[in-house]
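Worksheet for the structure shown next.
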Amino acid sequence: MTTTLDLKSFIRDIPDFPKPGILFRDITPLLANPDAFREAIDRLHQRYADQQIDAVVAAESRGFIFGAPLALRLGAAFIPVRKPGKLPFDTHRHAYELEYGSDALEIHQDALPPGSRVVVVDDLLATGGTLEACIKLLENFEGVEIVECAFCIHLTDLQGENRLAPHPVFSLIRY
(Lines give C-alpha, C1' and ligand atoms only; values in the text may rest on other atoms or scores of the structure.)
Protein backbone atom coordinates (compact mmCIF):
# COMPACT_ATOMS: atom_id res chain seq x y z
CA MET A 1 0.00 0.00 0.00
CA THR A 2 1.42 3.35 -1.03
CA THR A 3 2.00 5.87 1.73
CA THR A 4 2.84 9.52 1.50
CA LEU A 5 6.61 9.23 1.59
CA ASP A 6 8.37 12.04 -0.22
CA LEU A 7 10.63 9.96 -2.47
CA LYS A 8 12.57 13.05 -3.51
CA SER A 9 13.83 13.42 0.07
CA PHE A 10 15.72 10.12 -0.41
CA ILE A 11 17.71 11.39 -3.40
CA ARG A 12 21.18 12.76 -2.64
CA ASP A 13 22.70 15.54 -4.76
CA ILE A 14 26.39 15.11 -5.60
CA PRO A 15 27.92 18.16 -7.31
CA ASP A 16 30.65 17.82 -9.93
CA PHE A 17 30.17 14.08 -10.49
CA PRO A 18 31.22 12.41 -12.73
CA LYS A 19 32.80 15.63 -13.99
CA PRO A 20 32.74 19.35 -13.11
CA GLY A 21 29.45 21.08 -13.76
CA ILE A 22 27.30 17.93 -13.43
CA LEU A 23 24.88 17.59 -10.52
CA PHE A 24 24.47 13.85 -9.99
CA ARG A 25 21.16 12.63 -8.52
CA ASP A 26 22.12 9.64 -6.37
CA ILE A 27 19.44 6.97 -5.84
CA THR A 28 21.44 4.92 -3.32
CA PRO A 29 19.82 6.52 -0.22
CA LEU A 30 16.40 5.57 -1.64
CA LEU A 31 17.60 2.02 -2.26
CA ALA A 32 19.08 1.82 1.24
CA ASN A 33 15.73 2.64 2.82
CA PRO A 34 13.40 -0.38 2.50
CA ASP A 35 10.26 1.73 2.98
CA ALA A 36 11.24 4.22 0.27
CA PHE A 37 12.39 1.53 -2.17
CA ARG A 38 9.21 -0.49 -1.57
CA GLU A 39 7.10 2.60 -2.13
CA ALA A 40 8.87 3.37 -5.42
CA ILE A 41 8.15 -0.15 -6.68
CA ASP A 42 4.58 0.00 -5.33
CA ARG A 43 3.91 3.24 -7.20
CA LEU A 44 5.24 1.78 -10.45
CA HIS A 45 3.24 -1.40 -9.92
CA GLN A 46 0.03 0.56 -9.31
CA ARG A 47 0.55 2.46 -12.55
CA TYR A 48 0.85 -0.69 -14.69
CA ALA A 49 -1.11 -3.33 -12.73
CA ASP A 50 -4.18 -3.19 -14.99
CA GLN A 51 -2.40 -2.71 -18.32
CA GLN A 52 -1.66 -6.35 -19.30
CA ILE A 53 2.10 -5.88 -19.36
CA ASP A 54 3.90 -8.91 -20.83
CA ALA A 55 7.45 -7.78 -20.13
CA VAL A 56 9.52 -5.18 -18.34
CA VAL A 57 12.59 -4.23 -20.38
CA ALA A 58 15.42 -2.58 -18.44
CA ALA A 59 18.85 -1.26 -19.31
CA GLU A 60 22.01 -2.34 -17.49
CA SER A 61 22.64 -1.78 -14.72
CA ARG A 62 20.60 0.62 -12.64
CA GLY A 63 17.47 -0.05 -14.67
CA PHE A 64 17.65 -3.61 -13.37
CA ILE A 65 17.17 -2.31 -9.81
CA PHE A 66 13.68 -1.04 -10.61
CA GLY A 67 12.81 -3.31 -13.53
CA ALA A 68 13.26 -6.73 -11.93
CA PRO A 69 11.06 -6.16 -8.86
CA LEU A 70 8.45 -4.41 -11.03
CA ALA A 71 8.35 -7.40 -13.40
CA LEU A 72 7.85 -9.77 -10.45
CA ARG A 73 5.03 -7.65 -9.05
CA LEU A 74 3.35 -7.48 -12.47
CA GLY A 75 3.77 -11.20 -13.14
CA ALA A 76 5.64 -10.20 -16.31
CA ALA A 77 8.88 -11.31 -17.92
CA PHE A 78 12.02 -9.36 -17.08
CA ILE A 79 14.10 -8.65 -20.19
CA PRO A 80 17.64 -7.37 -19.56
CA VAL A 81 19.30 -5.04 -22.04
CA ARG A 82 23.04 -5.32 -21.54
CA LYS A 83 26.37 -3.97 -22.68
CA PRO A 84 28.03 -5.87 -25.56
CA GLY A 85 29.35 -9.34 -24.83
CA LYS A 86 27.33 -9.86 -21.63
CA LEU A 87 24.42 -11.87 -23.06
CA PRO A 88 25.17 -15.53 -23.87
CA PHE A 89 22.85 -16.02 -26.89
CA ASP A 90 22.31 -14.39 -30.29
CA THR A 91 21.65 -10.66 -29.87
CA HIS A 92 20.45 -7.53 -31.58
CA ARG A 93 22.86 -4.61 -31.03
CA HIS A 94 22.43 -0.84 -31.15
CA ALA A 95 25.24 1.74 -30.75
CA TYR A 96 24.35 5.18 -29.40
CA GLU A 97 25.67 8.45 -27.99
CA LEU A 98 25.13 9.45 -24.37
CA GLU A 99 25.91 12.49 -22.28
CA TYR A 100 29.44 11.30 -21.43
CA GLY A 101 30.49 9.53 -24.66
CA SER A 102 29.23 6.56 -26.67
CA ASP A 103 28.13 3.02 -25.90
CA ALA A 104 26.17 0.08 -27.27
CA LEU A 105 23.45 -2.17 -25.91
CA GLU A 106 22.26 -5.66 -26.79
CA ILE A 107 19.13 -7.75 -26.30
CA HIS A 108 18.59 -11.46 -26.97
CA GLN A 109 17.03 -12.05 -30.37
CA ASP A 110 14.40 -14.33 -28.82
CA ALA A 111 13.59 -12.04 -25.87
CA LEU A 112 10.05 -11.09 -26.85
CA PRO A 113 7.27 -12.89 -28.70
CA PRO A 114 5.33 -10.96 -31.36
CA GLY A 115 2.79 -8.50 -29.99
CA SER A 116 4.29 -8.16 -26.52
CA ARG A 117 3.21 -5.19 -24.41
CA VAL A 118 6.24 -3.79 -22.60
CA VAL A 119 7.26 -1.11 -20.14
CA VAL A 120 10.83 0.11 -20.57
CA VAL A 121 12.42 1.04 -17.23
CA ASP A 122 15.54 2.89 -16.15
CA ASP A 123 16.59 4.70 -13.00
CA LEU A 124 16.97 8.16 -14.55
CA LEU A 125 15.97 10.04 -17.69
CA ALA A 126 18.56 12.65 -18.62
CA THR A 127 19.23 13.13 -22.34
CA GLY A 128 17.34 9.96 -23.28
CA GLY A 129 20.18 8.23 -25.13
CA THR A 130 20.09 4.96 -23.23
CA LEU A 131 16.32 4.51 -23.48
CA GLU A 132 16.32 5.62 -27.09
CA ALA A 133 18.79 2.77 -27.73
CA CYS A 134 16.44 0.36 -25.92
CA ILE A 135 13.55 1.51 -28.11
CA LYS A 136 15.68 0.99 -31.22
CA LEU A 137 16.44 -2.55 -30.03
CA LEU A 138 12.72 -3.23 -29.50
CA GLU A 139 12.05 -2.25 -33.11
CA ASN A 140 13.67 -5.58 -34.03
CA PHE A 141 10.66 -7.44 -32.60
CA GLU A 142 7.41 -7.88 -34.49
CA GLY A 143 4.47 -5.94 -33.11
CA VAL A 144 6.01 -5.04 -29.75
CA GLU A 145 4.01 -2.26 -28.11
CA ILE A 146 5.85 0.09 -25.78
CA VAL A 147 3.18 1.03 -23.26
CA GLU A 148 5.41 3.58 -21.52
CA CYS A 149 8.98 4.45 -20.57
CA ALA A 150 9.23 4.64 -16.77
CA PHE A 151 11.88 6.22 -14.54
CA CYS A 152 12.57 6.83 -10.90
CA ILE A 153 13.99 10.29 -11.74
CA HIS A 154 13.43 12.63 -14.70
CA LEU A 155 15.76 15.60 -15.23
CA THR A 156 13.22 17.69 -17.13
CA ASP A 157 15.60 20.49 -18.19
CA LEU A 158 17.50 18.04 -20.41
CA GLN A 159 14.31 17.19 -22.36
CA GLY A 160 15.23 13.54 -22.82
CA GLU A 161 11.57 12.72 -23.35
CA ASN A 162 11.85 14.30 -26.82
CA ARG A 163 14.19 11.50 -27.91
CA LEU A 164 11.68 8.90 -26.72
CA ALA A 165 8.68 10.35 -28.60
CA PRO A 166 6.12 9.21 -29.51
CA HIS A 167 6.33 6.89 -26.50
CA PRO A 168 4.86 8.25 -23.27
CA VAL A 169 7.14 8.90 -20.31
CA PHE A 170 6.36 8.51 -16.61
CA SER A 171 8.61 9.34 -13.66
CA LEU A 172 8.26 9.12 -9.91
CA ILE A 173 10.46 12.16 -9.24
CA ARG A 174 11.00 15.22 -11.43
CA TYR A 175 13.74 17.82 -11.21
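The values are calculated or read from the model by the stated rules, or taken from the named source; none is laboratory data. Note that the structure is predicted; figures quoted are calculated from it, not measured. Neighbour counts run over all protein chains shown; Cβ positions are idealised from the backbone, glycine included. Heavy atoms of the whole protein, side chains included, go into the accessibility calculation; ligands, DNA and RNA do not. Shrake-Rupley method; radii C 1.70, N 1.55, O 1.52, S 1.80 Å.
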Q) Right, LEU124: part of a strand (DSSP E or B) and hydrophobic (A, V, I, L, M, F, W, C) or not? A) yes
Q) For the range 128-154, which residues satisfy the criterion of being under 9 Å from the mean Cα position of the chain (by Cα) and aromatic (Phe, Trp, Tyr)? A) PHE151
Q | Search result, residues across the range 1-31 that are of a type in the set (A, V, I, L, M) and more than 19 Å from the chain's Cα centre (by Cα) | A | MET1, LEU5, ILE14, ILE22, LEU23
Q: Output the residue which, of all residues in the range 152-169 that are touching a Leu at 6+ places or on another chain (Cβ under 8 Å) and within 15 Å of VAL118 (Cβ to Cβ), is most open to solvent (accessible area, probe 1.4 Å).
A: VAL169
Q) Of the residues PHE89, PHE78, which is surrounded by 12 or more Cβ atoms within 10 Å (Cβ to Cβ) and farther than 18 Å from LEU172 by Cβ? A) PHE78
Q: Taking the options SER61, SER116, name whichever one is polar (S, T, N, Q), open to solvent by 20 Å² or more (accessible area, probe 1.4 Å) and under 22 Å from PHE170 (Cβ atoms).
A: SER61
**Q.** Residue ID - nearest to SER116 (Cα to Cα), chosen from residues in the range 39-54 that are out of contact with any helix residue (DSSP H, G or I) (no Cβ under 9 Å at 6 or more places or on another chain) and assigned to a helix (DSSP H, G or I)
**A.** ARG47
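Here's the yes/no breakdown for (1) at pLDDT 95 or above; (2) of a type in the set (A, V, I, L, M, F, W, C); (3) surrounded by 11 or more Cβ atoms within 10 Å (Cβ to Cβ); (4) out of contact with any Phe, Trp or Tyr (no Cβ under 7 Å at 6 or more places or on another chain):
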site: THR4; (1), (2), (3), (4): no, no, no, yes
site: LYS8; (1), (2), (3), (4): yes, no, yes, yes
site: ASP13; (1), (2), (3), (4): yes, no, no, yes
site: LEU30; (1), (2), (3), (4): yes, yes, yes, no
site: ASN33; (1), (2), (3), (4): yes, no, yes, no
site: ARG38; (1), (2), (3), (4): yes, no, yes, yes
site: TYR48; (1), (2), (3), (4): yes, no, yes, yes
Q) Of all the residues that make up the range 130-147, how many are surrounded by fewer than 18 Cβ atoms within 10 Å (Cβ to Cβ) and either at pLDDT below 95 or not polar (S, T, N, Q) (or both)? A) 5
Q) LEU70: closer than 24 Å to ASN140 by Cα and either outside any loop (DSSP other than H, G, I, E, B) or within 16 Å of the chain's Cα centre (by Cα) (or both), yes or no? A) yes
(Q) Take the conditions buried (at least 16 other Cβ atoms within 10 Å of the Cβ), more than 20 Å from LEU131 (Cβ to Cβ) and either modelled with pLDDT under 95 or not hydroxyl-bearing (Ser, Thr, Tyr) (or both) and apply them to ASP42. Does it pass? (A) yes
Q. When you go through ALA111, ALA126 one by one, which is the residue that is closer than 27 Å to GLN46 by Cα and surrounded by 23 or more Cβ atoms within 10 Å (Cβ to Cβ)?
A. ALA111
